[in-house]
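The values are calculated or read from the model by the stated rules, or taken from the named source; none is laboratory data. Only a predicted model underlies this, so the values are computations on that prediction, with no experimental measurement involved. Here the Cβ positions follow ideal geometry from the backbone for every residue, glycine too, while neighbour counts run over all protein chains shown.
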Amino acid sequence: MKKSLVALAALAVVGAASAQVSITGTTSFSYQNDLSGTHGFALSDSYLEFGATEDLGGGTALTLKEGLNTNGRGTTGSNAASGDNTSLSVKGGFGAVTVKTYESDGPLAAVEGLSGASLSTGMFDSNAVGLGKRFRNALSYSLPEISGFTPALTYVTLAGQYASTSSLDAKTKVVPAVTYKNGPLTAYAEYAVFNATYNATADDQVTQPTVTALYDFGVATAGFGWTKASNDQATYILGVTVPVGAVSLGLATASYQGTSSTATWTEASAAYAVSKRTTLKASFGALNDAAVAKANGYSSASTYGLSTGLAQNCEYRVGIFHSF
């Protein structure tokens, strides 16, 4: 449920003015045991989002969203909030133009989200399935919906807030994509074209098609996804969520089909809705041995909240979650 505040601008600067700001968020308190063997009580999944919309007239509107991880990534106790998922979008009869900075799990996250799991190290944090989480910048244009289809074109910078001049050529991509929605079916397809030196080993053109599909059967929602870079092996993902009254059960598994081994991540959750905004949830995640070896060999593991000295293959988190 959205709450509203009236933010009064400083009269000496902009005169008498006000803006309507919506505030949404989540917070939780959990007991967890993560992949590095760290366990105990922790504040987790604490997130705030501020939103504001301005009517520009003529059926055009500008929308701002600013997200904050309020307990800091990795729950280190520093009490430092970190920026996350900020966007500015102009929408109208012409479609939508959006600029954003966001922490991306990639398009397979829509299928992974069916698990409902909340874990210290998630499917994409671990990099076990070859799709490590990272911050990105993007400029995107999407056309208005046409018979259920919404085409879009996005330019993405993969390196933090700004890419240095020396690395810019190696960290960008162009992504034509289309989303299709028709009743219970939502399908998505993209064809990412990385710049010529993206893989840092040759000047060949790296491309990466991705497809996902979600279908709501009423008694359950199931999803499938596939992606494969031209210089890498394929990743597959399956997910399902089953609501049973106030209880919701979820499961997702992803498999990276490497040249010499298969890395698999599986996660599951069971949640009980105490009320419309408060939920009790138990989550579980597991990496197979090949996935752990891959994650241990990842040079930037600590950047994504993953210890390079994993102590175990499984983790869990049990807690109470509240949204507002």
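General observations
- Note on the range 234-249: among residues that are over 13 Å from VAL111 (Cα atoms) and under 22 Å from the mean Cα position of the chain (by Cα), the one that is modelled with the lowest pLDDT is ALA234.
- Options ALA252, ALA177, ALA187: the member that is at pLDDT 90 or above and buried (at least 19 other Cβ atoms within 10 Å of the Cβ): ALA252
- Yes/no for SER140 being closer than 22 Å to ALA96 by Cα and modelled with pLDDT of 90 or more: yes
- Of all residues in the range 26-59, those that are at positive phi and touching a strand residue (DSSP E or B) at 6+ places or on another chain (Cβ under 6 Å) total 2.
Residue-by-condition table, conditions (1) under 30 Å from LEU119 (Cβ atoms); (2) crowded, with 16+ Cβ neighbours inside 10 Å; (3) modelled with pLDDT under 90:
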residue: LEU5; (1), (2), (3): no, no, yes
residue: ALA9; (1), (2), (3): no, no, yes
residue: THR24; (1), (2), (3): yes, yes, no
residue: TYR31; (1), (2), (3): yes, no, no
residue: ASP45; (1), (2), (3): yes, yes, yes
residue: THR86; (1), (2), (3): yes, yes, yes
residue: SER89; (1), (2), (3): no, yes, no
